[in-house]
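What follows is calculated from the coordinates using simple rules that are stated; it is not laboratory data. Just so we're clear, the structure is a prediction, and the values are computed from it rather than from any experiment. Note: ideal-geometry Cβ built from the backbone for every residue, glycine included; neighbour counts use all protein chains shown.
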Amino acid sequence: MGEGAGKAKGWSLDHRTRSFGALLFIALTRCSLQDPTHWFSPEGASSYLIVQVGSAGVTVEAEAGPLVRSYEAEDLRQLYLLGYAEDLDELGLEPGLLQVDQGGGVLPKPRWIQAMDRTLQPEGGFQEVAELPRSIAELRFAAIDACPTLVPEVVPLGEAGLYFFFFISLDPKRALLGTNRGLFLVEFDAVRKVALPGNEGRVYTAAWAPRADELWLASSDGVIFRGNLQDGLQEATRAPRPLEFGALSGRLDPTGTELYTATSSSSVAWWRQGQWTTVSVALDSTEPIAVEPLDDGGFVVGRRTASTVFQIQGEVPFAEVVDLRLAASDQIRSMQVVEGLGATIGTHLGDLYAYQVGQWSRVARLNVPTGITVAVPAFGGLFMGGEKVVFGLSFGDARECNPTGYSVGDNHDVKQAVRVGDQVYLTQEAVNETGSYLLRIRRR
């Protein structure tokens, strides 16, 4: 090795002179996670935190990625490598050592954790683990802002009289907005109108994008198309009844694609292997507002006063297994699937419930008397938006940030939200018909 690649004695010295001496950059090569001297960042990692436990205590270093590193440290006892899909800017961090400070924030929840414990395996070697030890997870650091400042701005669309039908993520850096004036492609720093080849002039009211190169769009008359933005769309099927605006979801199944739609006749239409099945879900005389499939093969239907999980046996849905009924003053305002939480519902009084392991439980609350209409993992926590454009952050360690109010004009509610890169885009719908807007939310 070249000059400067000698053995390091530890990672807890001044990072300006010694932090990189403990970790040596090497060329990207293929190697097993069990290699005792190398760590390979997981596919999709944009940044990571290096947590070292040694004789000098615990040190944490933030680094950009993806990287392949080797390590040598005589006093190294345990090493945790936390991988994040977000970059350091989005996490609100800068490269270098983090200073422990009880007034700061906890480590952001990683997507990947790999650990090496020399107290158990003296020869080293990394293993994937599900979570950090409590002694590390509860540490707080000055560099981590417990409640980041979020800055909203209006994104002009250049169209008057807009009404938003749907807003979906296509991939981590792009989203598609469907309006009564056509489709808009939303990217990190640009929004532009797009026309699909062969389908110019058609208005789409619902969409589902299971993969980056696959798009399903439904028109108001129930015709459902399949294709992509580059090559255009082909008619795939027709729903048995007109769809509710935005109420199209689906699941990729080994036996083929499944589609779920909430219709305007208090029913759910389920499409599988080219056949439609219609199931009434108006159990309390309230129409469905959304339907979302679950990983266990069932689906959940959201209604204004209750959400019900249905099981599927054979070819048809047959039974309710969980029913969440709320008081009339705590009506359901939204339902969606949130990454890491599963099916969620937001209520009129600001509670967010999630369906996990066969039951509903409250997982967050927007601390104002307003309804939760959207929830998106972003900014190191769970970003929530609601009525009168109030939004806030909630974290897994029970911390919540004070909500921020923002409005363009009067009485605009958040209708949809999508994360694009390290930003969140929101659609606002006017309560009193004064116009609708697209907002971009970023960290200051």
Starting from the Cα of Asp323, step 7 Å along the direction of its Cβ; do the same at Asp231; then give the gap between the two resulting points in nm.
-> 4.5 nm
Counting only residues 5 or more places away or on other chains, whose amide H sits under 5 Å from the amide H of Phe167 once H atoms are built in the peptide plane?
-> Gly178
Using a simple spin-label model with points 7 Å from Cα along the Cα→Cβ vector, what separation in nm is obtained for Gln273 and Arg238?
-> 2.4 nm
Return the long-range amide H neighbours of Arg140 (sequence gap of 5 or more, or a different chain), with a cut-off of under 5 Å between placed amide H atoms.
-> Asp101
Taking R0 as 41 Å, what's the FRET efficiency between Asp101 and Asp296 from their Cβ-Cβ distance, rounded to 0.05?
-> 0.45
Karplus couplings for segment 387-395 from phi (6.51 cos²θ - 1.76 cosθ + 1.60, θ = phi - 60°), rounded to Hz, Gly and Pro as x?
-> 5, 6, 6, 9, 9, x, 10, 10, 10
For segment 225-236, Karplus couplings with θ = phi - 60° (6.51, -1.76, 1.60), whole Hz, Gly/Pro x = 10, 10, x, 7, 5, 7, 9, x, 10, 10, 5, 9
In order through segment 372-383: 3J(HN,Hα) via Karplus (6.51 cos²θ - 1.76 cosθ + 1.60), integer Hz, x for Gly, Pro | 8, 10, 9, 8, 9, x, 6, 6, x, x, 10, 7
Can you tell which of Pro254, Leu217, Gly227 lies farthest toward the positive end of the dipole of segment 169-273, using +1 and -1 charges on the Cβ of basic and acidic side chains (Lys, Arg; Asp, Glu)?
-> Leu217
Amide H neighbours of Ser267 under 5 Å, at least 5 residues apart or on other chains, H built in the peptide plane: list them.
-> Val281
